[in-house]
1. When you go through G285, G310, G269 one by one, which is the residue that is of a type outside the set (A, V, I, L, M, F, W, C) and within 16 Å of ligand 1 (Cβ to nearest atom)?
2. Is there any pair linking a residue in the range 4-18 that is under 21 Å from L308 (Cβ atoms) and at pLDDT 95 or above to one that is more than 7 Å from ligand 1 (Cβ to nearest atom) and hydroxyl-bearing (S, T, Y), with Cβ under 7 Å and at least six apart or on different chains, and which?
3. Among the strands (runs of 3 or more DSSP E) confined wholly to the range 130-249, which include 3 or more residues that are farther than 30 Å from M1 by Cα?
4. Could you check G62 against (1) surrounded by fewer than 16 Cβ atoms within 10 Å (Cβ to Cβ); (2) free of Cβ contacts under 8 Å to residues at least 24 places away in the same chain and say which number it fails?
5. Within the range 36-92, can you find the residues that are under 19 Å from the mean Cα position of the chain (by Cα) and acidic (D, E)?
6. Of the numbered conditions (1) more than 16 Å from ligand 1 (Cβ to nearest atom); (2) of a type outside the set (D, E); (3) under 22 Å from V98 (Cα atoms), S206 satisfies every one except a single condition; which is it?
7. Sort out for me the strands (runs of 3 or more DSSP E) sitting completely within the range 17-91 that have 3 or more residues that are within 15 Å of ligand 1 (Cβ to nearest atom).
Amino acid sequence: MRTQVAVVGAGPAGLLLAHLLRLEGIDAVVLETRRREHVLGRIRAGVLEPGTVELLREVGLGARLDRVGLEHQGFSLRFDGTEHRIGLAELTGKSITVYGQQEVVRDLIDAAEPEPCFGVSDVALRDVTTDRPSVTFTDAGGTRRTLHCDVIAGCDGFHGVSRSAVPATGYERTFPYSWLGILAKTAPVHHELIYAHHERGFALHSMRSPELTRLYLQVEPDERIEDWPDERIWDELAVRLGTACEPGPLVEKGITAMRAFVAEPMRHGRLFLAGDAAHIVPPTGAKGLNLAVADVRLLSRALTALLLHGREGDALSYSDTRVRGTWRAERFSTEMTEMLHRSADPFERRLSLARLRRIASSTAAATALAQDYVGISVGVSEDA
Ligand code: APR
Ligand code: PHB
């Protein structure tokens, strides 16, 4: 087997990279360990920056997004028993779009040509520091194969094989709390997102559609899902959000640890890391998908210049550019996380409230938050 770019991983990063490369006339083969149904069923975040939406539209992936995506002109912060709205449109002239990551993945898989190779195993990256790298794997039918290529794109997430094939330094932070997330068949109680800072912990009200609500609660890192029967979740949400949701059947329920991670550098020879293989941001502010999109947009340009025109400048600077972009997103996501969650440390708790009150009383502070949230200075619109 031979292709120009071997893409390891069929998450949003790998699928979008293959799509962008194909539009430039570059062949890519996507290898994925999981089955198609598993990849399509994975529920993740759901806030798209305007730069992400624009890119998806430009590359022919905007039809369903424009039909069912929910455009939001603002969101609310609740704390001190009051609500403060961040008017994104007034403060920045931009809005965000609520559209589930699994919908983006579905659109990408529907558009994929050829179809990704799902269900592969024993993936190994070879000769990445030469200009003839390859990927060996066992296909879904059990046949051992070698995929020869010019470049390998490591888009296989935090637990993939690509990250460990780059001799990188990993900068990591684990937060002392986790998120319990549910997706419920019930109408959102508010037309926008609500980020609630409460003495019992953080809560987030989000949505996927007029019938589907996505909700999160800050919980202890060692909390077990068995200790959270549905009724306890709904009660706790009502207290922290200050508004009771109409309980509905749960489509999904799970606990996710909160961590931040950055690999430096993000390239080794002909192996380039993108998406969660290169970095993890804490989920507050929903930058993960937008950051993956920013990576692959730059990577597709760099690979086009390299493979079609023999120009290697952008490929050589890819890592430096995306390391800087990643730290911009880490800075925002970490600050947003620490401002909104309940810390065990009373000093930190008072700082969090002081930060929230400053945003509520200063247009300059609210504008800075709104700009970060829509991706000005943080997200996809940078490094264009
Ligand atoms: N070989 C091939 N595929 C692999 C391997 C491997 N050895 N290991 C993991 N994978 C696959 C996973 O099954 C997954 O489908 O790589 C894919 C990585 O996809 P994601 O985890 O979705 O990561 P990414 O595409 O970088 O997306 C970034 O998704 O996880 C969220 O918060 C994250 O929003 C961000 C976005
Ligand atoms: C979500 O809808 O899943 C979501 C929304 C906003 C966030 C994080 C997650 O900040």
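The values are calculated or read from the model by the stated rules, or taken from the named source; none is laboratory data. Not measured: the values here are computed from a predicted model. FYI the Cβ positions are ideal-geometry reconstructions off the backbone, even for glycines, and counts take in every protein chain you see.
1. Just one listed residue meets the conditions, G285.
2. L17/S300
3. The qualifying strands (runs of 3 or more DSSP E) are 169-185, 193-196, 203-209, 212-219.
4. (1)
5. The answer is E49, E54, E71.
6. So S206 meets the others, but not (1).
7. Because the criterion is at least 3 residues that are within 15 Å of ligand 1 (Cβ to nearest atom), the strands (runs of 3 or more DSSP E) in the range 17-91 that meet it are 28-31.
Let's see how each residue does on (1) in the same structural domain as A28 (by TED's automatic domain parsing); (2) over 25 Å from R173 (Cα atoms); (3) without any contact (Cβ under 8 Å) to a residue 24 or more places away in the chain; (4) within 24 Å of the chain's Cα centre (by Cα):
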site	(1), (2), (3), (4)
L306	yes, yes, no, no
G313	yes, yes, yes, no
S319	yes, no, no, yes
P346	yes, no, yes, no
A360	yes, yes, no, no
A366	yes, yes, no, yes
